[in-house]
Amino acid sequence: MINKIKKLISQLKMFPGVGDKSAKRMVYFLLNQGPEKIEKLSEEIKDLNNIKKCKICGVFTEDEFCKYCSSDIRNDNIICVVEDFNDVQAIEDTGVYNGVFHILGGHISPVDGVFLDDLNIDSLFDRIDEDTDEIIIATNPNLEGEATANYLVEQLKSHDLKITKLATGLPMGGDLSILNQNTIKNSLKNRFDTK
Ligand SMILES: [Zn+2]
């Protein structure tokens with residue numbers, strides 16, 4: 001195999017769910033698209049370097065702060081804690097949430113080598129102040145998400161604020177981002193106090 005192709009295949013395999021077979025398919029598909037398409041795609045990928053993470057919550061943004069943190073109409077005394085950006089999108093799509101977010105950047109998973117220190121937990125504690133009314137823990141409904149949620153509840157207990165979790169009834173084993181809007185909307189509406 002041509003070395004250039006080999007190199008790109010091994011790069012593409014870093015994407016979740018992409019194995020040798022799909023990586024090869026992508027590369028040959030690209031080659032068939034011709035130089036213009038390849039140039040455009042590589043420019044758009046390079047352009048991603050201009051996107052950064054919001055300094056407060058970790059949401060992707062082109063500015064220093066994201067549109068949620070810099071909004072005048074959102075309630076920044078309610079913070080919804082999620083695992084990643086897809087979950088922010090899923091919650092936003094319900095149209096019923098008007099607080100701000102905090103992205104953990106994953107969940108605790110010792111088998112995958114992800115420990116507490118790897119998550120944006122300190123920055124969450126740093127932003128909690130006397131104005132903070134509620135922390136909604138919206139980690140994914142699976143074992144790792146639950147373990148992470150339980151840890152957060154435990155750590156936040158001593159703070160004088162409401163700590164809620166999304167209502168049960170979410171199918172276990174899934175990701176928030178693959179659930180339908182109504183399911184998330186209901187679990188958000190029926191969120192319960194953990195204290
Ligand atoms: Zn933000």
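The values are calculated or read from the model by the stated rules, or taken from the named source; none is laboratory data. Quick caveat, the model's predicted, so the values are computed rather than measured. Heads up, the Cβs are rebuilt from the backbone with ideal geometry, glycines too, and the neighbour counts pull from every protein chain shown. Side chains are part of the model used for accessible areas, which takes the heavy atoms of the whole protein and leaves out ligands, DNA and RNA. Shrake-Rupley method; radii C 1.70, N 1.55, O 1.52, S 1.80 Å.
More than 20 angstrom separation, counting every C-alpha pair in the range 106-195; what % is that?
Every Cα pair in the range 106-195 considered, those over 20 Å come to 38 percent.
With angles folded into 0 to 90 degrees, how steeply does helix 35-47 sit against the dominant principal axis of the chain? Use alpha carbons for both and round to 10.
30 degrees
What's the FRET efficiency of residue 38 with residue 86 using the Cβ-Cβ distance as r and R₀ = 35 Å, to the nearest 0.05?
Plugging the Cβ-Cβ distance into 1/(1 + (r/R0)^6) gives 0.80.
Could you sort 144, 134 by their accessible area in this structure, using a 1.4 Å probe and putting the largest first?
Of 144, 134, the descending order of accessible area is 144, 134.
So, in nm, how far is label residue 70 from label residue 181 when the simple model puts each one 7 Å beyond its Cα toward the Cβ?
Label at residue 70, label at residue 181, 2.7 nm between them.
Note the angle between two axes, namely the Cα long axis of helix 143-156 and the longest principal axis of the Cα atoms of the chain, as a number of degrees from 0 to 90, rounded to the nearest 10.
Once rounded, the angle reads 40 degrees.
Sort 60, 125 by accessible area with a 1.4 Å probe, largest first.
60, 125
By how many nm would the segment from residue 132 to residue 153 grow when fully extended, if each residue of separation counts as 0.36 nm and the alpha-carbon distance is taken off?
That works out to 6.0 nm of additional length.
Do the sum for the chain: with -39,500 (n - 2.57) for every DSSP H run of n ≥ 4, divided by all residues, what is the mean residue ellipticity at 222 nm, to the nearest 500 deg cm²/dmol?
Estimated from H runs of four or more residues: -12000 deg cm²/dmol.
I'd like to check one number: the per residue accessible area of the range 3-50, probe 1.4 Å, reported in Å² as a whole number.
88 Å²
Students often get this wrong: which residues of the range 148-168 have the backbone nitrogen under 20 Å from the point 7 angstrom along Cα-to-C-beta of residue 190?
163-168
Using the Kirkwood radius over C-alpha pairs as Rh, can you work out the diffusion coefficient of the chain via Stokes-Einstein at 10 °C, viscosity 1.306 mPa s, in µm² per second?
Estimated via Stokes-Einstein, D reaches 84 µm²/s.
If you plug each phi of the range 177-188 into the Karplus form 6.51 cos²θ - 1.76 cosθ + 1.60 with θ = phi - 60°, what whole-Hz ³J(HN,Hα) values come out, in order, with x for Gly and Pro?
Karplus values, whole Hz, x for Gly and Pro: 5, 9, 7, 7, 4, 5, 4, 5, 4, 5, 6, 6.
Can you give the alpha-carbon Rg of the range 89-139 over 2.2 N^0.38 Å, where N counts its residues?
So the Cα radius of gyration is 1.34 times the expected 2.2 N^0.38 Å.
For the chain, set up a GNM with springs between Cα atoms under 10 Å and report which of 12, 41, 143 has the largest fluctuation.
Between 12, 41, 143, it is 12 that shows the largest mean-square fluctuation.
What shape does the range 3-50 have by the C-alpha gyration tensor, where a ≥ b ≥ c are the square roots of the eigenvalues, rounded means a/c under 1.5, and otherwise prolate means a/b greater than b/c and oblate the rest?
oblate
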